[in-house]
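J.: My questions will all concern the structure given below.
The values are calculated or read from the model by the stated rules, or taken from the named source; none is laboratory data. Just so you know, these numbers come straight off a predicted model, no measurement behind them. Please note: Cβ atoms are built from the backbone with ideal geometry, for glycine as well, and neighbour counts cover all protein chains shown. Side chains included, ligands, DNA and RNA excluded: accessible areas come from the protein's heavy atoms. Shrake-Rupley method; radii C 1.70, N 1.55, O 1.52, S 1.80 Å.
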Amino acid sequence: MAISELQLPASVTAHEFADAARLAEGLAVDVAQRLRTAMDENGQATLVVSGGRSPVAFFQRLARQPLDWSRVVVSLADERWVPVEHADSNAGLVAQHLLQGEAAKARFVGLYRPAASLEAAAEQADQALAQLPPIDVLVLGMGDDGHTASLFPGSPNLAEGLQAQSQRRVLPMLAPSVPHQRLTLTRRVLAGAGATLLSVQGPGKLATLRAALGGDDPAQMPIRAFLQDPLEIYWCP
Ligand SMILES: O=C1O[C@H](COP(=O)(O)O)[C@@H](O)[C@H](O)[C@H]1O
């Protein structure tokens, strides 16, 4: 099955690539162009990326795009509550694969805070994110359970995280697998992005996307909250 066979809402556009390398390159070129446009309009650009296993090739290609990185702010859609040195840190992933070469000139705003509790860390990150300029480009991923960012089905704070008008920018969340403790930007903040791109690979993620399109309750599959608004999906088999 291919993404062209899905019944997508009119606001959702699909870009299909032959393989993961072409997807990473195509996504990097498109994101860089969107950042350049934002810089032309506002003098600066803000990029929010996701973590997990799949974005490494995209990060490496994006780092090599010709851009005035000194005018780019980079932040995260979500984070595992671990220090940057930890193997599961999304900030560590970004530092290792994106903020390299010229891209090291970008300003990074991370979510991790070494607080006494996950809740306190989320409150501190929430305050820090008040300084984040409006998001120009958001790159989301999606888990096999339909989570995006760290908006996980079944997590205690999910209802608040999905509220379109939540007062919070960052919430503590619990993932069903290790590491359990997460920090996530809320739907309200994520939905404010100028452009939202969803990067997914493989038949498993396509099946998840099809299941998400077949229902309308974001509490069961949080990615649904982002399928109702303008969205560009980047997919390869
Ligand atoms: O845990 C996470 O998973 C999703 C999906 O990751 P992937 O490696 O399967 O693409 C990711 O979007 C999220 O940021 C991450 O924390």
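J.: Check whether at least one residue in the stretch 162-184 is within 14 Å of the ligand (Cβ to nearest atom), over 30 Å from Ala2 (Cα atoms), open to solvent by 60 Å² or more (accessible area, probe 1.4 Å) and in contact with a helix residue (DSSP H, G or I) (Cβ under 7 Å, 6 or more places away or on another chain), and report yes or no.
T.: yes
J.: Another question, then. From Thr13, Thr46, grab the single residue that is in contact (Cβ under 8 Å) with a residue 60 or more places away in the chain, hydroxyl-bearing (Ser, Thr, Tyr), part of a strand (DSSP E or B) and within 29 Å of Pro237 (Cβ to Cβ).
T.: Answer to the selection: Thr13.
J.: With respect to Arg188, determine if the residue is out of contact with any helix residue (DSSP H, G or I) (no Cβ under 7 Å at 6 or more places or on another chain) and basic (Lys, Arg). Explain how you work it out, then say what you get.
T.: Numbers: out of contact with any helix residue (DSSP H, G or I) (no Cβ under 7 Å at 6 or more places or on another chain): yes; basic (Lys, Arg): yes.
In short, yes.
J.: Which of the following residues is touching a residue at least 40 places away in the same chain (Cβ under 8 Å), in a helix (DSSP H, G or I) and open to solvent by 50 Å² or more (accessible area, probe 1.4 Å): Ala103, Ala122, Ala159?
T.: Answer to the selection: Ala159.
J.: I'm trying to understand the selection: among the residues of the stretch 54-85, which are open to solvent by 40 Å² or more (accessible area, probe 1.4 Å), within 15 Å of the ligand (Cβ to nearest atom) and either acidic (Asp, Glu) or within 24 Å of Arg169 (Cα to Cα) (or both)?
T.: The answer is Trp81, Val84.
J.: Hey, Pro114 hits all of (1) surrounded by fewer than 20 Cβ atoms within 10 Å (Cβ to Cβ); (2) assigned to a helix (DSSP H, G or I); (3) not β-branched (Val, Ile, Thr) but one; which does it fall short on?
T.: Looking at each condition in turn, Pro114 falls short on (2).
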